[in-house]
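Just so you know, all these numbers are worked out from the coordinates, no wet-lab data involved. Model, not experiment: these values are computed from the prediction. Cβ atoms come from the backbone with ideal geometry, glycine included; neighbour counts cover every protein chain shown.
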Amino acid sequence: MPRLCPPRRTIALLAGALALTAGVAVAEPAYADPTRPAQARVDDLLRRMTLDEKLGQMTQIERSAPADGQDIAAYGIGSILSGGGSTPTPNTPETWADMYDAFQRTALSSRLGIPIIYGVDAVHGHNNVRGATIFPHNIGLGAARDPRLVERIGRATAEEVTGTGPDWTFAPCLCVARDDRWGRTYESFGEVPGLATANTSIITGFQGRRLDGPASILATAKHFIGDGGTTGGTDQGDTQISERELRAIHLPPFQAAVRRGVGSVMVSYSSWNAAKLHSNRYLITDLLKGELGFSGFVVSDWQGIDKIDGQPGFTAAEVRASVNAGVDMVMVPFEYKKFLALLRAEVQEGRVPLSRIDDANRRILTKKFELGLFEKPLADRRYIGTVGSPEHRALAREAVRKSQVLLKNDGVLPLSKDVRKLFVAGKSADDIGNQSGGWTITWQGASGDVTPGTTVLEGIRATVSARTEVVHSIDGSGIDGGFDAAVAVIGEKPYAEFFGDRPHGLSLDAEDVATLGRLTASGVPLVVVLVSGRPLDVGAHLGDWDALLAAFLPGTEGQGVVDVLFGDHNPTGRLPSTWAAFDQQPINAGDGKQALFPYGHGLRYRLTGDRPR
Ligand code: GLC
């Protein structure tokens with residue numbers, strides 16, 4: 001039940017007033033003194049905290065959860081998150097900053113004035129915010145083979161997040177996707193651990209050199225461990241492999257993240273040989289915290305503890321099992337009163353040791369002190385102008401260029417900017433939502449004009465000469481032999497998580513097949529641009545195409561795709577995942593299967609003179 005205690009500041013003022021009348025100096029409590037080392041501040045604060053206040057710090061709630069806005073202070077809630085697509089209305093950088101500050105001011109009114117830490121899924125830019133720069137999803141960044149670029153993307157994202165308030169991103173996903181039927185394949189940097197390991201550079205981009213540095217935000221290595229290795233690519237499924245394979249394939253990226261000082265780790269929904277990760281003490285405490293020496297804090301996934309017993313909702317047993325396994329903060333995220341009551345009872349009955357509670361608090365509070373949240377708790381609005389800025393969009397365009405993989409080219413590419421008549425088709429030719437994919441403005445993403453950006457068609461129109469005739473027809477109707485070339489931008493519509501699982505294969509959808517049929521019947525040279533979160537089964541169609549460019553999920557800056565189509569950038573991308581010839585999943589480098597395009601494949605243009613041809 002809530003405590004009705006006056007906030008820290010009121011006590012300090014009263015004490016100060018009394019002291020003044022008595023002529024006695026009153027020092028601020030040690031934990032409030034920024035000149036002291038973080039550990040000393042943690043020690044002092046822990047000594048002052050009640051059990052309820054400690055349990056509150058381990059509780060993360062969704063922004064829409066509080067029945068009463070004061071609950072954040074009354075229950076000493078440690079963290080708030082925006083679930084995918086959970087935004088203020090209207091959804092603008094300013095309303096985000098106002099929302100964040102309001103939550104923070106409530107938290108600071110609690111007895112000890114401990115600030116919240118606010119988390120968001122900024123997984124390819126600050127993708128919940130309309131107008132933010134949307135960068136390519138990780139699979140495209142894996143194709144770029146440029147960790148320094150990825151670090152720069154982390155920095156740019158951190159600036160946009162900081163300006164709107166939040167202090168923490170649930171990124172990077174360091175999953176190693178071994179079966180492309182998995183709906184989260186695009187959140188992976190690729191099928192080999194080395195790509196995720198190299199691109200942990202984004203953590204340095206997010207966290208900066210110091211967590212209390214300008215625009216630094218806490219990063220999250222997720223999802224620990226083996227989420228990309230489940231049998232059949234089933235999201236939240238079972239990773240049925242030996243410990244040797246688990247350590248060889250899925251552990252290296254987390255080792256690299258820990259070495260980089262990642263501040264948090266999120267537990268995977270999946271299981272390892274039928275044991276749920278969320279209650280796996282060996283992996284979370286012995287391996288991650290013990291063997292790897294991870295000193296940050298471990299956060300559950302969304303209702304992750306609910307899934308331990310396979311039944312809806314969470315129980316005392318699941319609360320106990322997850323916290324004792326080493327989960328420090330639970331993303332409840334709605335039934336926080338029930339969670340607090342159950343955890344309090346577990347501690348009072350001696351089934352969760354107070355030492356575990358103190359260890360969790362020590363980890364969480366250390367990051368809050370290191371982030372400087374006690375000194376600078378409110379949104380740093382100096383960065384609000386970076387949201388969707390030209391500089392960040394230019395960086396995103398560079399990333400898009402570098403993430404394009406040219407798989408086939410019979411000579412039709414690069415296109416000439418002076419081409420006479422160009423036909424552009426496909427459901428994703430003029431669709432920001434499709435080219436951005438899931439986790440964009442909403443959790444699942446959506447087709448259509450979801451946020452400002454440049455579509456491939458807009459990029460083409462901006463690139464060709466004034467004399468060029470560009471005709472756009474989504475389904476390809478109207479094409480005839482009079483066109484010099486046709487560009488079909490096809491692939492996948494947005495999805496996220498298990499909604500993207502494709503257990504029955506990765507064929508093109510009927511809409512794309514029909515469009516392609518109209519185009520190939522015309523006999524016009526055909527360039528296919530595939531906007532997808534993963535390799536799709538195109539083997540049966542490839543012979544009808546004169547060129548194939550894998551664009552993956554480029555985000556808002558579709559001009560980067562066009563830069564490659566017209567040779568302003570000679571394609572450098574290389575496949576981050578083996579491309580199956582047909583329904584061969586799982587298929588990965590070294591497994592002996594005959595792929596359509598092997599891992600690492602990527603063509604370049606031959607240079608003639610100063611231009612690629
Ligand atoms: C989701 C995802 C996780 C995300 C979290 C918060 O279910 O599994 O990646 O960070 O919930 O949105």
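Details
- Tilt relative to the chain, helix 8-22 - C-alpha long axis, 0 to 90 degrees, to 10: 40 degrees
- Under 5 Å, built H, 5+ apart or other chain: amide partners of ALA221: SER264, VAL265, MET266
- Translational D in µm²/s for the chain (Stokes-Einstein at 25 °C, 0.890 mPa s, Kirkwood Rh from C-alpha pairs): 97 µm²/s
- GLU349-ALA521 pseudo-label distance in nm [points 7 Å out on the Cα-to-Cβ vector]: 7.0 nm
- Computed lengthening from ALA462 to GLU94, 0.36 nm per intervening residue step minus Cα-Cα distance: 129.4 nm
- What the phi angles of the stretch 363-379 give under the Karplus curve with 6.51, -1.76 and 1.60, with θ = phi - 60°, is a coupling list of 5, 5, 5, 4, 5, 5, 5, 5, 6, x, 5, 6, 8, 10, x, 9, 4 Hz, glycine and proline written as x.
- With R₀ set to 30 Å, the beta-carbon distance separating SER416 from PHE582 gives a calculated FRET efficiency near 0.30.
- Computed from the C-beta positions of THR35 and PHE334, the FRET efficiency with R₀ = 45 Å rounds to 0.70.
- Karplus-based coupling profile of the stretch 341-348, in residue order and whole Hz: 5, 5, 5, 4, 5, 4, 6, 5, with θ = phi - 60° in 6.51 cos²θ - 1.76 cosθ + 1.60 and x standing for Gly or Pro.
- Dividing the summed helix terms, -39500 (n - 2.57) for each DSSP H run of n ≥ 4, by the number of residues in the chain produces a 222 nm estimate of -9000 deg cm²/dmol to the nearest 500.
- Stretchable slack from TYR282 to GLU375, in nm (0.36 nm times residue separation minus alpha-carbon distance): 29.8 nm
- Under 30 Å from the Cα of LYS337 - lysines, other chains or at least 8 residues apart: LYS54, LYS222, LYS276, LYS289, LYS307, LYS367, LYS368, LYS376
- Amide H contacts of GLY125 (H built 1.01 Å from N, in plane; Pro and chain starts excluded): PHE135 sit under 5 Å, all sequence-distant by 5 or more or on other chains.
- The label point for SER447 and the one for ASP52, both projected 7 Å from the Cα toward the Cβ, are 5.3 nm apart.
- Amide H contacts of GLN444 (H built 1.01 Å from N, under 5 Å, at least 5 apart or other chain): TRP439
- Amide N of the stretch 211-249 lying under 18 Å from the label point, which is placed 7 angstrom from the Cα of HIS504 along Cα→Cβ: 232-235
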